[in-house]
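Participant: Structure incoming, see below.
The values are calculated or read from the model by the stated rules, or taken from the named source; none is laboratory data. Here the structure is a predicted model, which is why all the values come from computation and not from measurement. Glycine also receives a Cβ, built like all others from the backbone with ideal geometry; neighbour counts cover every protein chain displayed.
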Amino acid sequence: MKDMIRITVSLVAIFIAAGLIMGVTYKYTSPVRFIAEKKEKEEALKAMAPDATDPIKPAGNWISSHGKPYEYYLATSSGKPVAYISSTAGKGYSSYIAMLVSLDTDLKIKDVKILHHGETPGLGDQVEDVSFIGQFKGKNLSQIELTKDATKTEKIIAISGATISSRAVTNGVKDAVQTLVDKYGAGIKTAAQGVAK
Amino acid sequence: MSNEVNYGSIIKNGIFGENPVFRLALSLCPAVAVTSGVKNGFLMGVAVFFVMIMVNATVSLLRKFINPKVRIPSYMFIIATWVTVTDLVMAAYARDVYKQMGLYIMLIVAFAIVLSRAEMFASKNKLLPAIVDGAAMGMGFLLALVLLGIFRELLGKGSLWGYQILGSKPLLIMILPTGGFFAMGLMMGWLNWIDRKFFGGTGGGGGAH
């Protein structure tokens, strides 16, 4: 009986002390972390539309084909829209590949950036190479289609050995572009073609 | 538990004689998971190094207070506390490192090597030897990860610390998990061979503990 109490007291004391240490650490580190994370997000968005002079504001949410919610943003320069940005993701070989996509006002892709992924090193992670991700620049909705034919430069050429990761990125980008075109594309001719397709 | 502690032998023991990965064969799972590149291996090693020193110091300080019947839960909680503190501090002040290592930091809680040193060394020794043992074992783990990382990244990606060196990828399999086991087995074998051939040792590699 005496032993039981001693064991309990010793465990409880350790747990309380540990809880206090963790709590105090959290109290002092969480504001720093929160500010850093917010700043990183703002910087990532800013990098997607470097010509925007106003702060980039969230404009709404959309649900992707794999059922996850993503946010889209409007980048303006003295009140006039200069870019439409959306976060998105594609389901890859071993992870969701999270990305940011920005469109210019002609609804052509301005930039695609991969934020994080967990694809196979050496194979799937080649989607981060400029030779693949750079292909998206300047494409419109109807051109975002994966091909294995290396001569079709108007489309997106898949990386051999990483077809699933290539497809994930392409689908994620296409989802985001489709959404942005639906939201902002009304009245613009290229967009009408894209939506029809 | 004599009053004279040979720090030299503790350090040598941690880095060579009982190297956590190559000799004790503990914590092989993270050793395979993070050593696809030198940089990841190094950062993981640094995190483990700090956690091991803190855990060994705490366990050694509390060794008279911790009831032997509940020592394992107590050790686990001490480990979890220091890992959480490391995680929170890194998330706030070392963002770039945290983005790379964030996934792995919490795994340190379950590293066999941390618990085994708390049980085998820190709980039976005074504060200073326990800290030295934690540092030596952490350093041994760090060196093992860096060695594995160099071997795997050079063969698998042709680069070191992210910089291209060979300009080709000689053996892609080395950066896949399978290659991790190959690399680990080869390294263990080589170190045992060197030990037997040049130092007259008997070799090691799991089983001894």
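Participant: Is one or more of the residues making up segment A:63-72 away from chain B (no Cβ under 14 Å) and within 13 Å of A:Ser102 (Cα to Cα)? Steps first, answer last, please.
Facilitator: Of segment A:63-72, the ones away from chain B (no Cβ under 14 Å) are A:63-72.
Retained after the next criterion (residues that are within 13 Å of A:Ser102 (Cα to Cα)): A:71-72.
There is at least one residue in segment A:63-72 that is away from chain B (no Cβ under 14 Å) and within 13 Å of A:Ser102 (Cα to Cα).
Participant: Check A:Val12 against each of (1) at pLDDT 90 or above; (2) facing another protein chain (nearest Cβ under 10 Å) and name the one condition it does not meet.
Facilitator: All conditions pass for A:Val12, except number (2).
Participant: Here is a list: B:Phe16, B:Phe42, B:Phe22. Which entry is over 11 Å from the mean Cα position of the chain (by Cα) and of a type in the set (Phe, Trp, Tyr)?
Facilitator: B:Phe16
Participant: Just the residues that are more than 14 Å from every other protein chain (Cβ to nearest Cβ) and either touching a residue at least 40 places away in the same chain (Cβ under 8 Å) or assigned to a helix (DSSP H, G or I) (or both), please, taken from segment A:43-55.
Facilitator: Within segment A:43-55, A:Leu45, A:Lys46, A:Ala47, A:Met48, A:Ala49 meet the criteria.
Participant: Of everything in segment B:1-57, what is without any contact (Cβ under 8 Å) to a residue 40 or more places away in the chain and either in a loop (DSSP other than H, G, I, E, B) or surrounded by 21 or more Cβ atoms within 10 Å (Cβ to Cβ) (or both)? Give them in sequence order.
Facilitator: Of everything in segment B:1-57, those that are without any contact (Cβ under 8 Å) to a residue 40 or more places away in the chain and either in a loop (DSSP other than H, G, I, E, B) or surrounded by 21 or more Cβ atoms within 10 Å (Cβ to Cβ) (or both) turn out to be B:Ser2, B:Asn3, B:Glu4, B:Asn6.
Participant: Kindly provide the set of residues from segment B:160-176 that are out of contact with any Pro (no Cβ under 9 Å at 6 or more places or on another chain), surrounded by 12 or more Cβ atoms within 10 Å (Cβ to Cβ) and touching a residue at least 40 places away in the same chain (Cβ under 8 Å), ordered by number.
Facilitator: Once the filter is applied, which keeps residues that are out of contact with any Pro (no Cβ under 9 Å at 6 or more places or on another chain), surrounded by 12 or more Cβ atoms within 10 Å (Cβ to Cβ) and touching a residue at least 40 places away in the same chain (Cβ under 8 Å), segment B:160-176 yields B:Leu160, B:Trp161.
Participant: All but one of (1) without any contact (Cβ under 8 Å) to a residue 24 or more places away in the chain; (2) farther than 30 Å from B:Met106 by Cα; (3) in a helix (DSSP H, G or I); (4) under 26 Å from the mean Cα position of the chain (by Cα) hold for A:Met4, so report the exception by its number.
Facilitator: A:Met4 satisfies every listed condition except (4).
Participant: In this structure, is A:Gly161 at positive phi and modelled with pLDDT of 85 or more?
Facilitator: For A:Gly161, the condition - at positive phi and modelled with pLDDT of 85 or more - is not met.
Participant: In segment A:35-52, what count of residues is obtained for those that are loosely packed, with under 12 Cβ neighbours inside 10 Å and not basic (Lys, Arg)?
Facilitator: Final tally of qualifying residues: 3.
Participant: Are any residues in segment B:59-81 part of a helix (DSSP H, G or I), touching a residue at least 40 places away in the same chain (Cβ under 8 Å) and more than 25 Å from B:Ala31 (Cα to Cα), and if so, which ones?
Facilitator: Result: B:Ser60, B:Leu61, B:Arg71.
Participant: Could you list, in sequence order, the residues of segment B:89-117 that are of a type in the set (Phe, Trp, Tyr) and at the interface with chain A (Cβ under 10 Å from one of its Cβ atoms)?
Facilitator: B:Tyr93, B:Tyr98
Participant: Going by the conditions given, is A:Leu103 in contact with a Phe, Trp or Tyr (Cβ under 7 Å, 6 or more places away or on another chain) and part of a strand (DSSP E or B)? Before the answer, list the steps.
Facilitator: Numbers: in contact with a Phe, Trp or Tyr (Cβ under 7 Å, 6 or more places away or on another chain): yes; part of a strand (DSSP E or B): yes.
Criteria met by A:Leu103.
Participant: Additional query: Please go through (1) among the polar types (S, T, N, Q); (2) within 12 Å of chain B (Cβ to nearest Cβ); (3) over 18 Å from A:Ile159 (Cβ atoms) for A:Asn140 and return the number of the only condition it doesn't satisfy.
Facilitator: (2)
Participant: Output the qualifying pairs, or none if there are none: Cβ atoms under 7 angstrom, residues six or more apart or on different chains, first residue in segment B:84-111 and farther than 21 Å from A:Gly118 by Cβ, second residue among the charged types (D, E, K, R) and surrounded by 15 or more Cβ atoms within 10 Å (Cβ to Cβ).
Facilitator: Taking only residues 6 or more apart or on different chains, the pairs are B:Ala92/A:Arg33.
Participant: Taking segment A:126-135 as the region of interest, how many residues are buried (at least 19 other Cβ atoms within 10 Å of the Cβ) and either over 26 Å from A:Ala49 (Cβ atoms) or β-branched (Val, Ile, Thr) (or both)?
Facilitator: Number of matching residues: 3.
Participant: Can you give me the number of residues within segment A:106-139 that are under 17 Å from A:Thr88 (Cα atoms), part of a loop (DSSP other than H, G, I, E, B) and either of a type in the set (Asp, Glu) or over 19 Å from the mean Cα position of the chain (by Cα) (or both)?
Facilitator: Summing the residues that are under 17 Å from A:Thr88 (Cα atoms), part of a loop (DSSP other than H, G, I, E, B) and either of a type in the set (Asp, Glu) or over 19 Å from the mean Cα position of the chain (by Cα) (or both) in segment A:106-139 gives 1.
Participant: Working only within segment B:31-52, note down all residues that are away from chain A (no Cβ under 14 Å) and under 20 Å from B:Leu160 (Cα atoms).
Facilitator: Residues satisfying the conditions are B:Ala31, B:Phe42, B:Leu43, B:Met44, B:Gly45, B:Val46.
Participant: Within segment B:58-88, track down each residue that is more than 9 Å from chain A (Cβ to nearest Cβ), crowded, with 19+ Cβ neighbours inside 10 Å and of a type in the set (A, V, I, L, M, F, W, C).
Facilitator: B:Val59, B:Ile79, B:Val83 - these are the residues of segment B:58-88 that are more than 9 Å from chain A (Cβ to nearest Cβ), crowded, with 19+ Cβ neighbours inside 10 Å and of a type in the set (A, V, I, L, M, F, W, C).
Participant: Now, a different point. Given (1) within 14 Å of chain B (Cβ to nearest Cβ); (2) out of contact with any Phe, Trp or Tyr (no Cβ under 9 Å at 6 or more places or on another chain), where does A:Ala36 come up short, assuming only one miss?
Facilitator: With (1) within 14 Å of chain B (Cβ to nearest Cβ); (2) out of contact with any Phe, Trp or Tyr (no Cβ under 9 Å at 6 or more places or on another chain) applied to A:Ala36, the lone miss is (2).
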